Amino acid sequence: MNILLLLFIAHCIADFYLQKHSWIMDKVAHHERSIGLFFHVLTHVFLTGLILLWIFSFNVSWMWLGLLSLIVITHYGIDIWKSYQTFKLSYYLIDQCSHIIILCAVSYWITMSYPDINGQLFAYKSILVWIAGGVFLANPMAVTVMVTIMPLRQALHNQDNTISSTPSKDGHYMGIIERLLVMVCVGSGYFVIPGLLYFGKLYYRLQDDIVKQNALQRRYVVLGTSVSFISATCVGLLIHLSS
């Protein structure tokens, strides 16, 4: 579990914090020959390599090199496949789930082969769970929410071209703050507060005259808010149960 959390944190940072938008667009344009993909893979080599080095007590071995190669090569292959797909939720989820399955397999193999390593990391379990939850609910979940509501956002833009086809930066950061707040509340055992925040926000947003008059706007508000709050609640519950 602790090994998986470390690898997951490294994956999220490389995929959602260090990857530039220009790299993503370059991947879409040039696929396996993309310079953006090359730089993206290098960030995974660096971060995952550091994590595996720490796990193996900074002992550079064939085992370290083999596991790093497995993660990086499969990541490269999955990203090439993804570069040929459209920006749809289903492809996005397949892409991310495939990466996580590889990380789970590597984590399981290390745990079974070197049980002492997982025991040594046990002291860090509590802080790793909180860090992983926070890292996931910030940018990765923001992208997930954006991809989920993108069809509705595009439909609203088609109805009224004064509405941007992409969410605002203010909404992006507010969503991150909301999710982190919900995670902290639920993870700490305060289950009522997130419910009040959820229904309070929905009530406030649905009272807007523009939203009231447009069924598509209502669906957009309810879907975006629900996905954001439910994901944060689930992560908070996992943190609470693991503590």
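Just so you know, all these numbers are worked out from the coordinates, no wet-lab data involved. Predicted model only: the values in this text are computed from it and were never measured. Positions of Cβ are backbone-derived with ideal geometry, glycine not excepted, and every protein chain shown enters the neighbour counts.
With the cut-off at 26 Å, tell me which of the pairs 169/201; 20/88; 82/125 have Cα atoms farther apart than that.
The answer is 82/125.
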inquiry  = Given axes a ≥ b ≥ c from the Cα gyration tensor, I'd like to know whether region 170-223 is rounded (a/c under 1.5), prolate (a/b larger than b/c) or oblate.
reply    = prolate
query = Can you give the net charge of the other residues whose Cβ lies under 14 Å from the Cβ of residue 214, counting K and R as +1 and D and E as -1?
reply = +2
inquiry  = With loop defined by DSSP as not H, G, I, E or B, and exposure as at most 13 other Cβ atoms within 10 Å, which is the longest segment of the chain clear of exposed chymotrypsin sites (Phe, Trp or Tyr not before Pro)?
reply    = 88-189
ask   = Which distance in Å, rounded to a whole number, links the C-alpha centroids of region 178-243 and region 13-37?
value = 31
task = Would you mind ranking 135, 235 so that the residue whose beta carbon has the fewest other beta carbons within 10 Å leads the list?
result = 135, 235
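Rounded to the nearest 500, what is the chain's calculated 222 nm mean residue ellipticity when only DSSP H runs of at least 4 contribute -39500 (n - 2.57) each, over all residues?
Working: 12 runs with 195 residues, N = 243.
Value at 222 nm, helices only, nearest 500: -26500 deg cm²/dmol.
Kirkwood-based Rg over Rh for region 1-92 (C-alpha set), two decimals?
On the way: Rg = 13.9 Å, Rh = 13.9 Å.
Looking at region 1-92, the ratio lands at 1.00.
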message = How much length would be gained if the chain were fully extended between residue 57 and residue 227, taking 0.36 nm per residue of separation minus their Cα-Cα distance, in nm to one decimal?
response = 57.3 nm
inquiry  = Can you divide the C-alpha Rg of the chain by 2.2 N^0.38 Å and report the result to two decimal places?
reply    = 1.12
